[in-house]
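K.L.:
This is the structure, below, for whatever I ask next.
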Amino acid sequence: MTGSGRLRLAALAVITAVVGAVTSFAENAATGQDRWPGPLDQIRRHAWIILGVGLVLALYTQFREVKSSSEAEDPFRPCSN
């Protein structure tokens with residue numbers, strides 16, 4: 001795996017962790033509180049939007065990784081002159 005592949009994999013892992021955390025926030029009974037500290041309050045107020053954005057980013061990253069790895073493994077890829 002190349003350096004950029006590892007970076008993409010790490011980014012996907014971080015996005016997955018954030019999506020999991022946001023999902024927990026969205027489903028948690030604690031969301032009934034009036035205010036949360038710092039940026040968590042923005043996540044509490046817009047949890048489903050942030051979850052959707054996180055899922056889109058995760059899917060985009062995953063499909064780019066699959067596409068780049070399949071292109072790298074194609075032994076019959078046409079050469080440009």
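K.L.:
Using a 10 Å cut-off on Cβ atoms, rank the peptides 37-44, 10-17, 51-58 from the highest mean neighbour count down.
P.N.:
So the order, starting with the most tightly packed, is 51-58, 10-17, 37-44.
K.L.:
Quote to one decimal, in nm, the extra length available between SER24 and LEU59 on full extension: 0.36 nm per residue of separation minus the C-alpha distance between them.
P.N.:
Here the answer is 10.7 nm.
K.L.:
To continue, here is another question. How much length is gained on full extension from GLN42 to ALA10, taking 0.36 nm per residue of separation minus their Cα-Cα distance?
P.N.:
9.0 nm
Read-outs: derived from the displayed coordinates by stated rules, not from any lab. Bear in mind that the values here come from a model prediction, so they are computed numbers and not experimental data. Methodologically, a virtual Cβ is constructed for each residue, glycine included, from the backbone with ideal geometry; neighbour enumeration extends over all protein chains shown.
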